[in-house]
1. Using a 10 Å cut-off around each Cβ, can you sort 155, 81 from fewest to most neighbouring Cβ atoms?
2. Can you tell me the 0 to 90 degree angle between the C-alpha axis of helix 51-61 and the longest principal axis of the chain, rounded to 10?
3. Please compute the modelled spin-label separation between residue 53 and residue 191, points set 7 Å along Cα→Cβ, answer in nm with one decimal.
4. In which sequence would 217, 88 go, from the one with the fewest C-beta neighbours within 10 Å to the one with the most?
5. Antiparallel as a % of all DSSP beta bridges within the chain, to the nearest 5?
6. When the C-alpha atoms of region 141-239 are aligned to their principal axes, what extent does each axis show, in angstrom, from largest down?
7. Which value, in nm² and rounded to one decimal, describes the direction-averaged projected area of the C-alpha convex hull of region 28-90?
8. Helix 178-189: angle to the longest alpha-carbon principal axis of the chain, degrees 0 to 90, nearest 10?
Ligand code: 3SL
Ligand code: MG
């Protein structure tokens with residue numbers, strides 16, 4: 001089996017996704033927040049590309065208790081219920097509700113994954129559960145890192161490396177593309193904690209400047225969540 005990693009969602013458009021399971025990763029912060037929302041009992045998370053798409057989707061879904069979440073420039077969008085901080089997505093705030101979400105990079109990565117047979121959301125938080133899904137499915141994997149505005153994000157690459165290392169055990173027949181090999185190498189070359197890595201990468205520093213230091217800490221947690229959100233139609237739901 002193959003693991004093909006795209007370092008940005010834009011790069012994923014050059015990959016054949018049909019027949020594969022796509023793993024979308026935006027550690028800071030979209031997939032960490034989506035995983036948290038589903039763990040908090042959100043009925044579904046609907047990733048959309050723009051704030052306008054989100055408002056239109058809310059009009060259609062409104063009667064069933066939809067809330068709007070996401071960010072631009074890291075900050076809550078005017079008129080939205082929530083920003084992109086995982087701390088906002090509690091059982092009290094999103095339990096039983098549909099969350100319509102738009103973020104700068106992360107939610108776009110789900111659109112880029114649309115041709116895949118199966119698409120799941122991964123973060124450090126649920127990495128062990130995602131690894132188990134990949135081993136169970138036993139099919140070719142496309143890891144789609146969201147990246148940051150078209151550029152590589154080391155936080156995503158770190159999570160991808162940790163995930164790939166969990167599935168590619170000695171003696172297994174996985175074949176990695178260069179991006180996947182790079183991610184494994186980057187992950188393995190870090191001697192500090194996951195928080196050290198996330199706090200020192202460019203987007204981690206940017207979030208700290210914006211006052212979201214606690215989010216970076218939270219998103220560094222490994223194996224704290226068991227949920228694996230999976231795309232069903234246009235919605236991410238509990239697997
Ligand atoms: O780019 C994204 O999708 C966001 O997760 C970025 S931020 O962490 O909310 O700034
Ligand atoms: Mg990111």
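Laboratory data are not the source of any read-out in this text; all were calculated from the coordinates shown. Computed from a prediction, not measured in an experiment: that's the story for all the values here. Note that each Cβ is placed from the backbone with ideal geometry, even for glycine, and that neighbours are counted across all protein chains shown.
1. If I rank by nearby Cβ atoms, fewest first, I get 81, 155.
2. 70 degrees
3. So the two model labels end up 4.4 nm from each other.
4. So the ranking, lowest neighbour count to highest, is 217, 88.
5. Within the chain, antiparallel bridges account for around 25 percent of the total.
6. 43, 37, 28
7. 4.0 nm²
8. Tilt relative to the chain: about 90 degrees.
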